[in-house]
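Participant: Questions regarding the structure given below will be posed in turn.
The values are calculated or read from the model by the stated rules, or taken from the named source; none is laboratory data. What you see is a predicted model, and the numbers here were worked out from it, not measured in a lab. For neighbour counting, all protein chains shown are included, and Cβ atoms are generated from backbone atoms with ideal geometry for every residue, glycine included.
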Amino acid sequence: MSVRMQILPVVLFLAVLRPEGSLQGQNIAGLKEEKPFSISGTLGGSMMFYDVSGRPASRKPFVWMLTGSPTVSVYGIRFPFSFVMSKEQRDFRQPFNKFGVSPYYKWVKLHLGYRNINWSPYSMAGHTIFGAGAELTPGRFQFGFLYGRLLKAIEPDALTYDLNQSFVSTPAYERKALAAKFGYGTEKNNAALIFMKGWDDPGSLRSDSLRSDLLPAENVILTFLTHQQIWSHFNFDLQLSQSLYTNDINSGVPDSASHGLVDIFSGIYTGNATTYTSNALETTFGYSGQQLSVNIRFKQIDPGYRSMGAYFFQNDIRNITFEPALHFGKQKYNVSGSIGFQRDNLQNDLPSTTHRTIGSLSFTASPSQVYNANITWSNYDMGQSRGSTPVDSLYEISQTTQNLAVNQNLNFTGTSFSHLVMLTYNFQRLKDKNENTADMNSYNSSTLMANYMISVMDAGLALSLGYNYTLFNLQTSENRISGPSFSVTKSLLKKKLSLMMADHYFRNALTFSNGTNDRISGINRISFSGTLKPSKHHRFYVRIYINQAKAKTSNFNPFTERKGDIGYVYSF
């Protein structure tokens, strides 16, 4: 037997760890009462079939797959794993690609391996880091420390193109980070200070392969955040961050500018002419009563604000939002609203300034257990004004978007039958007030959905009927999509076997304003599925899908598409 075949069972067990499979904190306070070792999870296999006539195939006719998500527990500390093995990829080159754990004992928590720590949206904001850290919460105190690698080094001459994954690697220096947190307080009243430093290692790449546009950077951020409950009805939240970002730490031009609060860390960062300072501020003041609540929010992020501890967030914006809400009828009726104003170009150095006004109103009613309703209306207005140069009227943005959504439910539940009626209506309009672009951008859209479901408890039977209608209007065309839907579900063998059949039909009618080239097509989607669960450990399933597309015009090719999969899952 080859070495590869000998290690395959081990690989299937340990598998490839996904980033989203990272562990939550585990309490190790009761180690003596826990089992020394246990394993649980699922293992499964499936086969997928595909066939199409009338158009090119979008996938291979046959694919098999083995999957698993075992969880190993050592004295109560859980280590969840996951793997996928398919016909397309049969070997596992890096079985421990991403792994992390955060065990804790009383007020001591450790972070080891790959972690996603979110201390503040403007500093350590969930960026994956490979390293080690700890969080200590004795009494009212909070201490945190974290050190690790944010990015691996990728040589500029090591660009690869994978035909299967269509992925191009991006050259980068190795990037590391150090973060610390100190806080004090209770759940109602607390404050914290967060420090983060991130930096690129210029020595992580070969000097003969450097590119002129690949520069090593450095980032220092100081964040203050607090939450204060004043008396019993007032709340105040504040987050203030100052970021010091150096685009090129190798620049020899000295830095003579002042950088505010971050200057207290001047001994641990590299400042030069490529260094700039920016701030982020977010605050909320609110009142919460039995019948009335009001929140006032303010957010401003300076142009160019960046954090190496975050993947992306919008900058160069200022938001002011007012959010009142009324509650009456013993909380059965609620009215809430919001009005917000936003602008960019805070330093007036862009060609134009964009202004946005966002308003919304919502009403919910639950007068009884049988009936509830929700009505929401919103208005989004966006316009431009002069910035560093006059706005060209040919490209000026001046738009208003309105949206109305109405949802109503009737639910009658008895001992033998249950009935549910749902009615949903949605209307959306975009009005472009620039006559040069209105024909391309303005539109109206209406959608109506009606559904009725009945369940017969004793017979294990459920039926569903529905109808959808959508109308989409442009200046040049009108598109109607409509059709009914039906499904039936039946349980047999004391609910060990479940069978389902569904049919959805959609008719698409596209009409042009000039009366020519009208297009009418229809798609019928039929699905069958069955699930057999003879015991709590075993589950078998089969699913079949048939899509049939027909048309009444010569510029559309009818096709029939058939898909299916058969699988088994073992739970342990």
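Participant: Which members of region 409-445 meet the condition of being over 19 Å from THR357 (Cα atoms), polar (S, T, N, Q) and buried (at least 16 other Cβ atoms within 10 Å of the Cβ)?
Facilitator: Correct list: ASN409, THR424, ASN426, THR437, SER445.
Participant: OK, next. Only one of (1) over 26 Å from TYR541 (Cα atoms); (2) more than 33 Å from the chain's Cα centre (by Cα); (3) aliphatic (A, V, I, L, M) fails for LEU493. Which number is that?
Facilitator: Every listed condition holds for LEU493 apart from (1).
Participant: What strands (runs of 3 or more DSSP E) lie completely within region 1-90 and have 2 or more residues being at pLDDT 65 or above and touching an Asp or Glu at 6+ places or on another chain (Cβ under 8 Å)?
Facilitator: Correct list: 42-53.
Participant: Sticking with this structure for a sec: Pick from MET453, MET457: which is closer than 27 Å to TYR541 by Cβ and either at pLDDT below 90 or surrounded by fewer than 15 Cβ atoms within 10 Å (Cβ to Cβ) (or both)? First the steps, then the outcome.
Facilitator: Working: MET453 fails: either at pLDDT below 90 or surrounded by fewer than 15 Cβ atoms within 10 Å (Cβ to Cβ) (or both).
It is MET457.
Participant: Another one. Working only within region 422-449, note down all residues that are farther than 27 Å from ASN468 by Cα, of a type outside the set (Lys, Arg) and either within 26 Å of the chain's Cα centre (by Cα) or not in a strand (DSSP E or B) (or both).
Facilitator: Initial filter on region 422-449 (farther than 27 Å from ASN468 by Cα): 432-439.
Next, from what is left, pick out any that are of a type outside the set (Lys, Arg): 432, 434-439.
ASN434, GLU435, ASN436, THR437, ALA438, ASP439, listed by residue number.
Participant: Right, next: Among the residues of region 470-479, is there at least one that is over 30 Å from LYS496 (Cβ atoms), in contact with an Asp or Glu (Cβ under 9 Å, 6 or more places away or on another chain) and either part of a loop (DSSP other than H, G, I, E, B) or among the basic types (Lys, Arg) (or both)? So that I can check it myself, show each step before the final result.
Facilitator: Going residue by residue through region 470-479, those that are over 30 Å from LYS496 (Cβ atoms) are 470-479.
If we keep only those that are in contact with an Asp or Glu (Cβ under 9 Å, 6 or more places away or on another chain) as well, we get 471-472, 474-476.
This time we only want the ones that are either part of a loop (DSSP other than H, G, I, E, B) or among the basic types (Lys, Arg) (or both), so: 475-476.
Checking region 470-479: at least one residue is over 30 Å from LYS496 (Cβ atoms), in contact with an Asp or Glu (Cβ under 9 Å, 6 or more places away or on another chain) and either part of a loop (DSSP other than H, G, I, E, B) or among the basic types (Lys, Arg) (or both).
Participant: While we're on this one: Kindly indicate which of ILE264, ILE268 is closer than 27 Å to ASN189 by Cβ, among the hydrophobic types (A, V, I, L, M, F, W, C), surrounded by fewer than 16 Cβ atoms within 10 Å (Cβ to Cβ) and at pLDDT below 85.
Facilitator: Values: ILE268 fails: closer than 27 Å to ASN189 by Cβ.
The match here is ILE264.
Participant: Quick check: anything in region 307-316 among the polar types (S, T, N, Q), more than 18 Å from LEU225 (Cα to Cα) and surrounded by 15 or more Cβ atoms within 10 Å (Cβ to Cβ)?
Facilitator: At the first step, the residues of region 307-316 found to be among the polar types (S, T, N, Q) are 307, 314-315.
Now narrow it down to the ones that are more than 18 Å from LEU225 (Cα to Cα): 314-315.
Adding the requirement that they be surrounded by 15 or more Cβ atoms within 10 Å (Cβ to Cβ) leaves 315.
For region 307-316, residues among the polar types (S, T, N, Q), more than 18 Å from LEU225 (Cα to Cα) and surrounded by 15 or more Cβ atoms within 10 Å (Cβ to Cβ): present.
Participant: Listed residues VAL406, VAL370; which is at pLDDT 95 or above and β-branched (Val, Ile, Thr)? Outline the logic, then answer.
Facilitator: Numbers: VAL370 fails: at pLDDT 95 or above.
Result of the check over VAL406, VAL370: VAL406.
Participant: Now for a separate question. Go through region 97-143 and give me each residue that's among the small types (Gly, Ala, Ser), in contact (Cβ under 8 Å) with a residue 60 or more places away in the chain and not in a strand (DSSP E or B).
Facilitator: Across region 97-143, the qualifying residues are SER120, SER123.
Listed here are the residues, each with its yes/no results for (1) in contact with a helix residue (DSSP H, G or I) (Cβ under 6 Å, 6 or more places away or on another chain); (2) closer than 22 Å to ASP200 by Cβ; (3) modelled with pLDDT of 85 or more; (4) surrounded by 14 or more Cβ atoms within 10 Å (Cβ to Cβ).
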| position | (1), (2), (3), (4) |
| --- | --- |
| PRO95 | yes, no, no, yes |
| VAL101 | no, no, no, yes |
| TYR104 | no, no, no, yes |
| ILE117 | no, yes, yes, yes |
| ALA125 | no, yes, yes, yes |
| GLY133 | no, yes, yes, yes |
| ARG140 | no, no, yes, no |
| GLY144 | no, no, yes, yes |
| GLY148 | no, yes, yes, yes |
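Participant: Now for a different question. Considering (1) touching a residue at least 12 places away in the same chain (Cβ under 8 Å); (2) closer than 30 Å to VAL63 by Cα; (3) loosely packed, with under 15 Cβ neighbours inside 10 Å, say which one PHE559 fails and leave the rest.
Facilitator: Checking PHE559 against (1) touching a residue at least 12 places away in the same chain (Cβ under 8 Å); (2) closer than 30 Å to VAL63 by Cα; (3) loosely packed, with under 15 Cβ neighbours inside 10 Å, the one that fails is (3).
Participant: Select from region 237-261 the residues that are in contact with a strand residue (DSSP E or B) (Cβ under 6 Å, 6 or more places away or on another chain) and closer than 20 Å to GLY203 by Cα and write down the one among them that is modelled with the lowest pLDDT.
Facilitator: SER251
Participant: When region 508-548 is examined, which residues are found to be out of contact with any Phe, Trp or Tyr (no Cβ under 8 Å at 6 or more places or on another chain), surrounded by 15 or more Cβ atoms within 10 Å (Cβ to Cβ) and closer than 30 Å to MET440 by Cα?
Facilitator: ASN508, ALA509, LEU510, THR511, ILE520
Participant: Being of a type in the set (Gly, Ala, Ser), at pLDDT 90 or above and either in contact with a helix residue (DSSP H, G or I) (Cβ under 8 Å, 6 or more places away or on another chain) or farther than 27 Å from GLN242 by Cβ (or both) is the filter here, so list the residues in region 200-229 that pass it. Before you say what the answer is, go through the steps one by one.
Facilitator: To start, the set of residues in region 200-229 that are of a type in the set (Gly, Ala, Ser) comprises 203-204, 207, 209, 212, 217.
Narrowing further to those that are at pLDDT 90 or above: 217.
Within region 200-229, no residue meets the criteria.
Participant: Right, here's the next one. Might you check whether a residue that is over 33 Å from the mean Cα position of the chain (by Cα) and on the phi > 0 side of the Ramachandran plot occurs anywhere in region 516-539?
Facilitator: Scanning region 516-539 turns up at least one residue that is over 33 Å from the mean Cα position of the chain (by Cα) and on the phi > 0 side of the Ramachandran plot.
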